[in-house]
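One structure below.
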Amino acid sequence: MKNFKLIASVFIGLGLALAGLSYFQDQTQSPKISATEIPSPSALTEFHLKTAEGQDFTKASLLGKYTVLYFGFTRCPDACPTTLAQFRSEILKLSPEAKENVQFLLLTVDPEHDTGPLLKQYVEGFHKDIHALTGTEAEIHNVAAQMKTTFHKIEETAGEVDLYQMAHSPRYFIIDPKAQLTAVYNPPIAPGVLALDLNQLVAANGKSRWLF
């Protein structure tokens with residue numbers, strides 16, 4: 001009888017231990033999102049940009065939050081306004097916690113034209129929680145290279161007026177709270193998908209926040 005009770009206790013203890021392990025894994029495992037996830041997140045190296053307000057924006061500015069980064073420019077005729085309009089729609093669907101822990105950024109690929117005041121006016125025309133960045137062309141190329149993308153000017157000269165477009169990626173880049181490139185969205189994506197994914201990521205990060 002004593003042996004039976006001992007064996008039963010061992011099995012009960014083992015069951016509780018396995019249940020606890022399963023619970024812990026559920027709490028810390030990253031949720032499945034609709035983006036193309038990067039199996040081994042790529043840690044960003046240092047960079048130096050400026051906000052539209054003229055403040056320094058470095059790698060440290062990415063720590064502690066999820067970042068949705070998009071490369072664009074104010075004279076973009078279609079992709080950029082479409083993207084920022086979607087960002088506005090997704091921001092409205094974020095949970096209160098996600099609103100506090102996600103930042104949406106437009107990094108200009110046309111620093112020659114896009115001044116700080118112009119960038120600020122442009123992004124705030126879509127939503128006050130979308131922020132703009134600029135920098136030297138070399139620094140912007142540095143960040144683009146870390147996102148595994150590039151951009152370049154397409155010259156279009158008409159008479160004496162110098163017109164041009166900027167070729168750039170339409171993708172949204174997701175940077176995690178440890179300043180690592182972790183996922184990429186290839187538009188178009190269905191309305192609400194980005195917000196749903198960000199809500200899940202922030203909620204999961206909150207459950208295992210001690211890991212960061």
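Structure above, values below:
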quantity: Criterion: among the polar types (S, T, N, Q) and buried (at least 22 other Cβ atoms within 10 Å of the Cβ) - qualifying residue of T108, T82; calculated: T108
quantity: Set A138, A183: member being under 28 Å from T45 (Cβ atoms), among the small types (G, A, S) and out of contact with any strand residue (DSSP E or B) (no Cβ under 6 Å at 6 or more places or on another chain); calculated: A138
quantity: Residues (surrounded by 13 or more Cβ atoms within 10 Å (Cβ to Cβ) and without any contact (Cβ under 8 Å) to a residue 60 or more places away in the chain) located in the stretch 126-147; calculated: F126, H127, D129, I130, E137, H141
quantity: Qualifying residue in the stretch 132-152 (condition: acidic (D, E) and more than 24 Å from P39 (Cβ to Cβ)); calculated: yes
quantity: K148 vs. criteria assigned to a loop (DSSP other than H, G, I, E, B) and either of a type in the set (S, T, Y) or over 14 Å from the mean Cα position of the chain (by Cα) (or both); calculated: yes
quantity: Strands (runs of 3 or more DSSP E) within the stretch 43-143 that include 3 or more residues at pLDDT 95 or above, closer than 21 Å to I154 by Cα and in contact with a Phe, Trp or Tyr (Cβ under 6 Å, 6 or more places away or on another chain); calculated: 102-108
quantity: Conditions (1) touching a strand residue (DSSP E or B) at 6+ places or on another chain (Cβ under 9 Å); (2) farther than 16 Å from I91 by Cβ: number failed by Q121; calculated: (1)
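The values are calculated or read from the model by the stated rules, or taken from the named source; none is laboratory data. Treat the numbers as computed from the prediction; the structure is a model and nothing was measured. As a convention, Cβ positions derive from the backbone with ideal geometry for all residues, glycine included, and neighbour counts pool all protein chains shown.
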